[in-house]
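Some notes on the structure that comes next.
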Ligand code: ADP
Ligand code: MG
């Protein structure tokens, strides 16, 4: 049995950088992924350093595997109230609201199921059906209560995993921090959750490439964006290998198995990376028809879907951002 986690997430490649102003850059490893921060301007270096420190700090507070993290403390609290920091409380409340909105597809209390499969250890295991049923019984975000003064209560059997939203929340925080430090041109890739702040120093759009879900190290398309988050969820991105078979990391909360929708990947373009992260996971689980239905009613994001037959469908507005595409694609209005 083998656990496979690519060191360098090739989810999104960043290309097309500008020439004139010198860039400040840092690459760090946090939240179990490689993150690259690039910013321009005289405030950039100090701001990027501060952003890196913030990302390490978020990782320390939201890590599933560190027992002293705030999430670790809630998961080991045995039902007792745990006081958490401002942004943990804020992120938890967004995650719980998303679970209500995308009930059946998105649930941040998926931790017992992830644990059973061995996603947090070096021992991937095909879960025993009875154990999986027990774990599934405790997947229920409505059991988590957010109380006054930043106290959180979760029953002993409930476990929180913020993996589907943490990078999105963090990307929004990085953007806000950079802006508050006077940086207006930056491109940050938090392991496939991309935040394009402003535009390139020469005023042109950032070019962000979307990973091809079936051709490793190739890209599906490139997008020209500014002031925009681009977030992708795909089954190819992180998976376990058990007896020669691959099991990816996005779970169907109704079965406890990796979700088998008709989608290979979902890429969301939205102003908020947190919203993009919630949507990319939820729509992936919901499948193409339900995802399009959601888009038609909300119209507050754009999306690129790669279906399991290899076809590529994009919401109509993506046409405004698409700078190249390697596959035939259909725009849906
Ligand atoms: P990534 O984190 O690789 O960018 P996602 O944003 O789609 O991908 O999040 C997947 C992660 O979210 C999993 O690794 C797990 O921690 C958690 N997760 C898995 N399935 C679900 C689900 N149905 N709802 C909420 N969180 C989930
Ligand atoms: Mg997500």
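The values are calculated or read from the model by the stated rules, or taken from the named source; none is laboratory data. All values reported here derive from a predicted model rather than from experimental measurement. For neighbour counting, all protein chains shown are included, and Cβ atoms are generated from backbone atoms with ideal geometry for every residue, glycine included.
Computed values, structure above
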quantity: Where residue 278 falls short, out of the listed (1) closer than 30 Å to residue 178 by Cα; (2) touching a strand residue (DSSP E or B) at 6+ places or on another chain (Cβ under 8 Å); (3) buried (at least 17 other Cβ atoms within 10 Å of the Cβ); calculated: (2)
quantity: Residues that are in contact with a strand residue (DSSP E or B) (Cβ under 7 Å, 6 or more places away or on another chain) and either at pLDDT below 95 or more than 23 Å from residue 167 (Cα to Cα) (or both), drawn from the range 126-147; calculated: 126, 147
quantity: Any chance residue 125 is within 16 Å of ligand 2 (Cβ to nearest atom), in contact with a helix residue (DSSP H, G or I) (Cβ under 9 Å, 6 or more places away or on another chain) and not in a helix (DSSP H, G or I); calculated: no
quantity: Per-region count, the range 261-274, residues closer than 14 Å to residue 233 by Cβ and more than 10 Å from ligand 2 (Cβ to nearest atom); calculated: 7
quantity: The range 242-252, residues that are within 13 Å of ligand 1 (Cβ to nearest atom), over 20 Å from residue 166 (Cβ atoms) and at pLDDT below 95; calculated: 247
quantity: Cβ-Cβ under 6 Å pairs, at least 6 apart or on other chains, the range 278-290 side touching a residue at least 40 places away in the same chain (Cβ under 8 Å) and assigned by TED's automatic domain parsing to the domain that holds residue 213, far side in a helix (DSSP H, G or I) and within 13 Å of ligand 1 (Cβ to nearest atom); calculated: 278/98
quantity: The range 140-195, residues that are without any contact (Cβ under 8 Å) to a residue 40 or more places away in the chain and more than 30 Å from residue 227 (Cβ to Cβ); calculated: 140, 143, 145, 148
quantity: Pair list, Cβ < 9 Å and 6+ apart or interchain, from the range 68-85 residues that are surrounded by fewer than 13 Cβ atoms within 10 Å (Cβ to Cβ) to residues that are at pLDDT 95 or above and assigned to a helix (DSSP H, G or I); calculated: 68/60
quantity: Filter result (free of Cβ contacts under 8 Å to residues at least 40 places away in the same chain and under 25 Å from residue 151 (Cβ atoms)) within the range 102-129; calculated: 103
quantity: Matching residues in the range 231-241 - criterion: being over 30 Å from residue 176 (Cα atoms), assigned to a strand (DSSP E or B) and either within 19 Å of the chain's Cα centre (by Cα) or at pLDDT 90 or above (or both); calculated: 239, 240
quantity: Among the residues listed as 240, 263, the single one being in contact with a helix residue (DSSP H, G or I) (Cβ under 8 Å, 6 or more places away or on another chain), surrounded by 23 or more Cβ atoms within 10 Å (Cβ to Cβ) and under 23 Å from residue 139 (Cβ atoms); calculated: 263
